[in-house]
1. Using per-residue counts of other Cβ atoms within 10 Å, averaged over each peptide, order 23-34, 157-168 from highest down.
2. Report relative contact order for the chain in percent, whole number only (criteria: Cα-Cα under 8 Å, sequence separation at least 6).
3. Once you put a point 7 Å from the Cα of Tyr35 and another 7 Å from the Cα of Leu58, both along the Cβ direction, what distance in nm separates them?
4. Where does each of 109-118, 10-19 land if you order them by average Cβ count within 10 Å, highest first?
5. For Lys11 and Ala72, what is the calculated FRET efficiency with R₀ set at 22 Å and r taken between the beta-carbons, to the nearest 0.05?
6. Within the accessible area of region 1-108, what % is carbon and sulfur when the probe is 1.4 Å and the other protein chains stay in place?
7. Gap in Å between the Cα centre of region 100-148 and the Cα centre of region 68-85?
8. What distance in nm separates the simple spin-label points at Glu128 and Met179, each placed 7 Å from Cα in the Cβ direction?
Amino acid sequence: RFYKGAWKALKSRTGNMDILVALGTSAAFGMSVYYLFQGAGAHTLYFESSAVVITLVLLGKWLETRAKQQTAASIRALSALQPETARVLRQGSPVVVKVADIVVGDVVAVSAGERIPVDGEITQGESEVDESLITGEPLPVRKAVGDKVPGGAMNVDGYLEVRTLAVGGETVLARVIRMVESAQ
């Protein structure tokens with residue numbers, strides 16, 4: 001697989017790690033074959049070096065793939081914390097809309113046991129809010145009028161009305177997801 005990757009890179013006139021692995025292991029193997037036929041002692045043979053390099057590179061690629069899969073699973077789990085719909089107050093009545101259709105300034109109604117769909121400021125109500133997805137704090141925090149709440153947090157026990165301050169890619173949860181992706 002290293003030789004195939006190196007050949008493709010050479011054809012496209014680019015460099016990559018496959019070229020280095022193919023060159024290094026071929027050189028070690030070729031020198032070992034040459035010295036073997038010259039009758040040199042075992043101390044000048046490098047067959048095992050080629051095998052060790054290939055083994056370590058394959059191990060590194062496996063570890064990298066595994067880390068990427070775990071990161072992708074974390075990103076999916078974080079994305080699942082964002083509700084798809086919300087109840088927006090329009091002329092005093094709640095209307096169910098997609099979260100993507102909410103704009104800054106809309107007031108969202110959040111009942112006990114629901115996730116807060118947007119970053120916002122509480123305009124009415126009082127409740128315990130579980131913000132552990134953002135802060136890591138294991139206990140819910142008491143929130144009241146004027147307090148800010150992050151999207152994706154769980155409204156534990158009361159009714160809240162939240163004025164939207166950030167939506168979409170500007171929410172705290174979206175920024176966390178972007179940071180996890182860039183760390184990947």
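1. Numbers: 23-34: 15.2, 157-168: 18.4.
Peptide ranking by packing, descending: 157-168, 23-34.
2. Relative CO of the chain lands at 17 percent.
3. Inter-label distance under the simple model: 2.4 nm.
4. On the way: 109-118: 19.8, 10-19: 12.2.
In decreasing order of mean packing, 109-118, 10-19 become 109-118, 10-19.
5. Numbers: r = 31 Å, r/R0 = 1.39.
It comes out at approximately 0.10.
6. 64 percent
7. Computed from Cα coordinates, the inter-centre distance equals 20 Å.
8. 2.6 nm
The values are calculated or read from the model by the stated rules, or taken from the named source; none is laboratory data. Just so you know, these numbers come straight off a predicted model, no measurement behind them. With ideal geometry, Cβ positions are generated from the backbone for all residues, glycine too; neighbour counts draw on all protein chains shown. Note: accessible area is taken over every heavy atom of the protein model, side chains too, but ligands, DNA and RNA are not part of it. Shrake-Rupley method; radii C 1.70, N 1.55, O 1.52, S 1.80 Å.
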